[in-house]
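A.B. asks: Quick one: the structure is below, and I'll ask about it shortly.
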Amino acid sequence: MKIALRELVRRPSRFIAATGILTLISLLLMFLGGLADGLIAQSTNAIEAQRGDLLVFSTASRNSFVRSRIDSSLREAITSVPGVTEVGGLGVAQLGARVPGNGPRDLADVALFGYEIAPRGVPSSPPDGQAYADSSLKADGVRKGQTILLGPARTPVEIIGFVSETNYSGQGSLWASLTTWRTALRANRPQEQLGDDVVQALVVNVDGAAHAAAQLIDTTTGATSSLTVREAIDEVGGVRAQRNTFNSIIGVTGFIALVVIALFFTLLTVERTALYGVLKAIGARSRTLFAGLALQAVVVTIIASIIAGGLGLILDAVIPAGSVPYQLSASRIVTSVVLLLFAAIVGSSFSLRRVLKIDPASAIGSTS
């Protein structure tokens, strides 16, 4: 073990190539993970921000806001379910917005939410005709105090402030009263217009276990589909496909790292055959020699991960908001490092068989 560490210190040039390659692989892992997290966050932040235990849709909606309809009678039935402590209406309309100063065809994609229970980071429902905008819309020229025009009907909405991390389905969100939302929906999507007592979904808080409450609500009403916030996030269109695609790419990248480490340390073992033969002749055990190899693989991987983590954080800082949906979190860095360390240990283990087969007499004799 000491010999392995001394070699790292005294002959670092031997490990530069492996460190460089692993740094690039580690950076790629973190970039892919940050890109996946950023894409999913842009689609689901508005749902994740909800201050509720459950989101309740109508049964026939397939957990989609667009198809869901909950009227006052169904809302009352949900409110009366034992354990339900708070209920708030929620609706969304996805529209194009004309922003003052932009060209007539330069529309900003927005998701207008009408809400009763304020999500995290969003103030209480504003007066009718006004809305809070997600800060990502600043990249489209939206400014506080502006009146933007929504949809083909050009429904006016005044921006009175900004909130952050509330995007939905890749669009910047607007947070308004249910009346403002209904007005915009009726004007721009007459085929989807709702009655004054109808919302698309309900944000529900319960006293007790969320899953048990969801089952009780659905059983009692017979007309609802109740999901936890995490389950509702998975129902947002494209989220599962994005997550599965990026997980597959990250898995393949991890496998490539394993192959690189295995090849590097196998070649290193071949170069050291004579040295290992001498060490075995003076009493060194195969497991000790292999432990030294594994230690070197781990140290090289940690150094590469530290460099890649720093580069990843720099990328996160310099990439302009609203351009590339890149969001590198501490948990993603840790996950990438753990995956690389696993690849390092497994990859270096391929050298074990070669270490075990080294015969001291043959190894020493081959150098004479």
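Rule-based calculations on the coordinates, nothing more; no lab input. Computed from a predicted structure; not experimentally measured. Don't worry about glycine lacking a Cβ; one is built from the backbone with ideal geometry, like all the others, and counts go over all protein chains shown.
A.B. asks: Could you list, in sequence order, all residues of the range 21-33 that are over 19 Å from the mean Cα position of the chain (by Cα) and more than 10 Å from ILE303 (Cα to Cα)?
C.D. replies: If the condition is that a residue be over 19 Å from the mean Cα position of the chain (by Cα) and more than 10 Å from ILE303 (Cα to Cα), then ILE21, LEU24, ILE25 are the ones that fit.
A.B. asks: Going by the structure shown, is ASP140 under 20 Å from ILE47 (Cα atoms), buried (at least 18 other Cβ atoms within 10 Å of the Cβ) and in contact (Cβ under 8 Å) with a residue 24 or more places away in the chain?
C.D. replies: No, not satisfied.
A.B. asks: Would it be correct to say that ARG154 is closer than 16 Å to ALA184 by Cα, among the charged types (D, E, K, R) and surrounded by fewer than 15 Cβ atoms within 10 Å (Cβ to Cβ)?
C.D. replies: When the stated conditions are applied, ARG154 passes them.
A.B. asks: Within the range 1-112, which helices (runs of 4 or more DSSP H) (wholly inside it) include 2 or more residues that are within 22 Å of LEU174 (Cα to Cα)?
C.D. replies: 16-48
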